[in-house]
Amino acid sequence: MAVVKILVEGYARQKKGYFEATCSTVLVEADGKKILVDPGCNEALLLDALKKEGLSQKDIDYIFITHYHVDHWLNVRLFLHVDVLDGNTIYRGDKEISFSGVLPGTNIEVVSTPGHAYEETTLFVSTKEGIVAIAEDLFWWEDGLQKNDYNSLLNNEDQFMKNKEQLLASRKLVLKKADFVIPGHGKMFKVLKNKVMHY
Ligand SMILES: [Zn+2]
């Protein structure tokens, strides 16, 4: 069984004259591999979190990027000689190697979930607690605005959304498949099954 650990909880807030945000950064340990999902853009928080796990950058086998917003990937510069993957390609230096279905060498499901960004991908990880969806910016809030009832999750406005219908369909898919969801900016939440959720 894979183990999922949130190393950095994503935040997003308006400051005077600028926006301050980093995404949720997740460590997945599966099949002897340590996979870092969305390394974010806060160097100090990430390095500190790795250190607390007893890890250094060299211990990471590869980095997975859910989508190409810079607050999700800027910290790749802290990792030298590590493969970077997106939803269908392994980037190894100048080599681009295609894959599909699962993360290479694991059973972690890789599913295209467009809407917030066209290329956005969600990882579905089977853990002993249930299926954890690392959905990142399909769901995100500025600090203090998170709401976990079903309607709010489906309809939460996203100022960076690319396609509304796709976003809605992707959100429905994730909420149907997952037991827990890790959002891009906000706290992990549990999905309540087989009932109308908190309308
Ligand atoms: Zn984004």
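Structure notes:
- All Cα pairs of the chain, percent lying beyond 22 Å: 44
- Proximity of backbone amide H atoms, modeled 1.01 Å from N, is registered between E136 and I182, G184 at under 5 Å, excluding neighbours fewer than 5 places apart on the same chain.
- Helix 43-52 and the longest principal axis of the C-alpha atoms of the chain enclose an angle of approximately 70°.
- In the context of the full protein assembly, E129 retains an accessible surface of approximately 120 Å², using a probe radius of 1.4 Å and ignoring ligands and nucleic acids.
- Counting only protein heavy atoms and a probe of 1.4 Å, the accessible surface of the chain is 52% carbon and sulfur.
- Only helices enter the 222 nm calculation for the chain: every DSSP H run of n ≥ 4 contributes -39,500 (n - 2.57), and dividing by all residues gives -4500 deg cm²/dmol, rounded to 500.
- The chain, relative contact order in percent, only Cα pairs under 8 angstrom and at least six apart counted: 19
- Packing-based ranking of 93-103, 56-66 yields 56-66, 93-103, ordered from highest to lowest mean Cβ neighbour count within 10 Å.
- Degrees between helix 164-177 axis and first principal axis of the chain (Cα, 0 to 90, nearest 10): 80
- Around N88: net Lys/Arg minus Asp/Glu count, Cβ-Cβ under 11 Å: -3
- Per residue solvent-accessible surface (Å²) - the chain, probe of 1.4 Å: 52
- About the Cα centre, charge dipole magnitude for the chain (Lys/Arg +1, Asp/Glu -1 at Cβ), debye: 500
- Shape category assigned to the range 85-134 from the gyration tensor of Cα positions, a/c cut at 1.5: oblate
- Averaging 1/r over each pair of different alpha-carbon atoms in the range 1-86 and inverting the result gives 13.1 Å, the Kirkwood hydrodynamic radius.
- Radius 14 Å from Cβ of K52, net charge of other residues (Lys, Arg +1; Asp, Glu -1): -2
The values are calculated or read from the model by the stated rules, or taken from the named source; none is laboratory data. Note that the structure is a prediction, hence the values are computed from the model and not measured. Because the Cβ atoms are built from the backbone with ideal geometry, glycine has one as well, and the counts that use them run over all protein chains shown. Each accessible area value is taken on the protein alone, full model and side chains, heavy atoms only, with ligands, DNA and RNA left out. Shrake-Rupley method; radii C 1.70, N 1.55, O 1.52, S 1.80 Å.
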